[in-house]
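The values are calculated or read from the model by the stated rules, or taken from the named source; none is laboratory data. All values reported here derive from a predicted model rather than from experimental measurement. Because the Cβ atoms are built from the backbone with ideal geometry, glycine has one as well, and the counts that use them run over all protein chains shown.
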């Protein structure tokens, strides 16, 4: 029944999916946390920028963003990510950039809602002992906030894993791209789709369960 | 009280929108069932390929596939006004036929063995080849020139796989989601060539916006026999379409359609293929 | 926006803020100028590329029908997914194992499959087991895929929202003799709606954007699919992406603005009825856990 899998590197394609997921997850975590910091910062400019960024990026379909990294950033503005002579590498890096930029907006919102859960007294006490804004954020608020937002962040991670499929639009050889190739050659849409759906379940289900459990364990009990 | 008001408002809005959409869809159903009462024929084409199947700004359709399909439908006894064009994406072609969504498909549909297991083919009606589209002043003249050059094709397409596997494994291949994107990259200079079937490339090169900018390299990198896909087992329709195609060639309508759709691109078409004569 | 995180800016901080803003806007202007020049250099600003968007044909043939399909699919998916999500979210908290476990399995399963594939399977399901016509089928399949995925995400949002309420609410409700169903409908759900709303809105935006997946394989003629047909015609890929991107932004901003207005109404009406949850309590509860879907968007800032 699964003889159509012969000759295709399904595992390799999913490995690319994993690489895309992990690296862009780290990127979006860093950038998203910075954005969240900006959104609550004392500088109006930073607040304005972060708000604008989140509201713009969140409202555009990821496909548009990913395609823009290729046709816009690389082709028009020459941002070839240090790989102008190798489209495989270039596409991979551009996809990382697009995925991280997009999901950072969601990470930012999750972290910000986490910041809101930290009781007011914590920040007041921190300021009372003379900590500066960045110290308040770094030492007191964020550590508590992150423990509260593990579940929402896990949801972003699950969405990110599935969203890596969009990278196929700029030719990254990940799972969805291989799926398209196989459908083109084998003319068996549903069976092939089922195989790839199974692959994604294997990738995302444990993520959700483990991080969900972790979130419950680490949550600050109030 | 106010909370209740909001709730009432929201519910009303929801109900209204449901009702509206429900009405909308039932209207469409009516016209659908009315039209399928023997007087209409549904034909699958591409909507986004200039020269082959393109939805034009005025809502009409143009291209070689469209012309062939119109002629065939005419021979089957349908006037152009009775044709309902349906967009069939590459990945959906076999299923659309199996389900009976469309009577037949003329959408750059290359005949191959895997597909023949799923659908029956009439034709071929055009012999296309994988080719390169390059800028007018380009020096790329043969396949080996491609090694080390930047090249664009569509993700997962047969042409992209051919480049990888045999034609020019050392070429720097970039895969985009559509041919329009590849052409844009060619225009901006990000790639040196776009590769796919010469018929598709000719269609783009013949567009007003691109006239005089590009040329076909004229390499015959593969043989693509475009057939008309018909539901598996419907041999009666296959026979009828084959007769229609033969007549289209003998009457000269075939040649006219080729010149009209590909002419401006300086496209050297193969002579009309003989029915059932698949060039490997 | 006054914050507990920092002091109100003094004269020096104010001066610094102004200076920063000026520097930033100068840099921004320079950057935009460079963007403009580069695009011009690459020929992307040629009027021929943008002119089509001033003709009525481009809108009536491609964009408006595409937008219509996007809106139709999104609206249907929202209307079906919201109650279904609430149902599964509540079912997952049931006291009965035989309700809780299946609901959990359904939610986790549909959350982990890419929506595109869900649509593909839904399409096949409609072909094999129903008589839905071929014109309507893409819409049905797209809506089904969106509903299955988003209902399971919304279920998580609802569950988190209800769990975030103080336990005393349930206990008090039981103490005055309300049954479980009554506790849920008249005590817990109304209170948690305001907490959940930002997350729900984010998810609704996701629904709008995910309709675009219907055009990839099923030939659903939504906005992004209509764009590719348009770009094939006018040969203006980059310009068409920019225009369609702006349409999505406007559409989703309208959605979020409406939602935050609604949220404001809900909050205010709650206060006026003398609800017991004061603002401090509302911030004391845990809206973060509510971020079932994507991150929660604070209603105030959108």
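Applying the selection to region A:74-98, what residues are in a helix (DSSP H, G or I) and away from chain C (no Cβ under 14 Å)?
A:87, A:88, A:89, A:90, A:91, A:92, A:93, A:94, A:95, A:96, A:97
Any residue at all in region A:181-188 that is out of contact with any strand residue (DSSP E or B) (no Cβ under 8 Å at 6 or more places or on another chain) and more than 9 Å from every other protein chain (Cβ to nearest Cβ)?
Scanning region A:181-188, I find no residue that is out of contact with any strand residue (DSSP E or B) (no Cβ under 8 Å at 6 or more places or on another chain) and more than 9 Å from every other protein chain (Cβ to nearest Cβ), so the answer is no.
Check residue A:155 against each of (1) buried (at least 24 other Cβ atoms within 10 Å of the Cβ); (2) within 11 Å of chain B (Cβ to nearest Cβ); (3) free of Cβ contacts under 8 Å to residues at least 60 places away in the same chain and name the one condition it does not meet.
Only one criterion in (1) buried (at least 24 other Cβ atoms within 10 Å of the Cβ); (2) within 11 Å of chain B (Cβ to nearest Cβ); (3) free of Cβ contacts under 8 Å to residues at least 60 places away in the same chain is unmet by residue A:155, namely (2).
Scan region B:36-53 residue by residue and report those that are crowded, with 24+ Cβ neighbours inside 10 Å and without any contact (Cβ under 8 Å) to a residue 60 or more places away in the chain.
Across region B:36-53, the qualifying residues are B:47, B:53.
So, in region A:192-213, of the ones that are facing chain C (nearest Cβ under 7 Å) and under 21 Å from residue A:6 (Cβ atoms), which residue ends up modelled with the lowest pLDDT?
Once the filter is applied, the top-ranked residue is A:193.
Run down A:180, A:221 and say which single residue is out of contact with any helix residue (DSSP H, G or I) (no Cβ under 7 Å at 6 or more places or on another chain) and either at pLDDT below 90 or within 19 Å of residue C:4 (Cβ to Cβ) (or both).
Within the list A:180, A:221, the selection yields A:221.
Tell me which of these residue B:120 doesn't satisfy, since it passes every other one: (1) surrounded by fewer than 22 Cβ atoms within 10 Å (Cβ to Cβ); (2) touching a strand residue (DSSP E or B) at 6+ places or on another chain (Cβ under 8 Å); (3) assigned to a helix (DSSP H, G or I).
If we test residue B:120 against (1) surrounded by fewer than 22 Cβ atoms within 10 Å (Cβ to Cβ); (2) touching a strand residue (DSSP E or B) at 6+ places or on another chain (Cβ under 8 Å); (3) assigned to a helix (DSSP H, G or I), just (3) comes out false.
State whether the residues of region C:167-187 include one that is crowded, with 18+ Cβ neighbours inside 10 Å and within 13 Å of another protein chain (Cβ to nearest Cβ).
There is no residue in region C:167-187 that is crowded, with 18+ Cβ neighbours inside 10 Å and within 13 Å of another protein chain (Cβ to nearest Cβ).
Could you grab me the full set of residues in region C:39-55 that are at the interface with another protein chain (Cβ under 10 Å from one of its Cβ atoms) and part of a helix (DSSP H, G or I)? Full working, then the answer.
Step one: of region C:39-55, the residues at the interface with another protein chain (Cβ under 10 Å from one of its Cβ atoms) are C:39, C:41-44, C:46, C:48-49, C:52, C:55.
C:39, C:41, C:48, C:49, C:52, listed by residue number.
Go through region B:134-152 and report how many residues are buried (at least 17 other Cβ atoms within 10 Å of the Cβ) and either in a helix (DSSP H, G or I) or outside the structural domain of residue B:171 (by TED's automatic domain parsing) (or both).
3
Which of the residues spanning region C:221-248 are assigned to a helix (DSSP H, G or I) and farther than 18 Å from residue B:185 by Cα?
Matches in region C:221-248: C:223, C:224, C:225, C:226, C:243, C:244, C:245, C:246, C:247, C:248.
Just the residues that are in contact with a helix residue (DSSP H, G or I) (Cβ under 7 Å, 6 or more places away or on another chain), assigned to a helix (DSSP H, G or I) and either away from chain C (no Cβ under 14 Å) or modelled with pLDDT of 95 or more (or both), please, taken from region B:66-92.
Correct list: B:67, B:68, B:70, B:71, B:72, B:75, B:80.
Take region A:102-125 and flag every residue that is within 20 Å of the chain's Cα centre (by Cα), more than 7 Å from chain C (Cβ to nearest Cβ) and at pLDDT 90 or above. Give the derivation first.
Going residue by residue through region A:102-125, those that are within 20 Å of the chain's Cα centre (by Cα) are A:102-115.
This time we only want the ones that are more than 7 Å from chain C (Cβ to nearest Cβ), so: A:102-105, A:111, A:115.
Across region A:102-125, the qualifying residues are A:102, A:103, A:104, A:105, A:111.
If only one of A:33, A:21, A:17 is over 30 Å from residue C:256 (Cα atoms), buried (at least 19 other Cβ atoms within 10 Å of the Cβ) and more than 14 Å from chain B (Cβ to nearest Cβ), which one is it?
When all the criteria are applied, what remains is A:17.
Among the helices (runs of 4 or more DSSP H) confined wholly to region B:158-243, which include 1 or more residues that are within 13 Å of chain A (Cβ to nearest Cβ)?
Once the helices (runs of 4 or more DSSP H) in region B:158-243 are filtered for at least 1 residues that are within 13 Å of chain A (Cβ to nearest Cβ), what remains is B:158-162, B:179-188.
If the requirement is being within 14 Å of chain B (Cβ to nearest Cβ), buried (at least 23 other Cβ atoms within 10 Å of the Cβ), under 17 Å from the mean Cα position of the chain (by Cα) and over 24 Å from residue B:107 (Cβ atoms), which of these qualifies: C:213, C:197?
Working: C:213 fails: over 24 Å from residue B:107 (Cβ atoms).
Sole residue among the options that is within 14 Å of chain B (Cβ to nearest Cβ), buried (at least 23 other Cβ atoms within 10 Å of the Cβ), under 17 Å from the mean Cα position of the chain (by Cα) and over 24 Å from residue B:107 (Cβ atoms): C:197.
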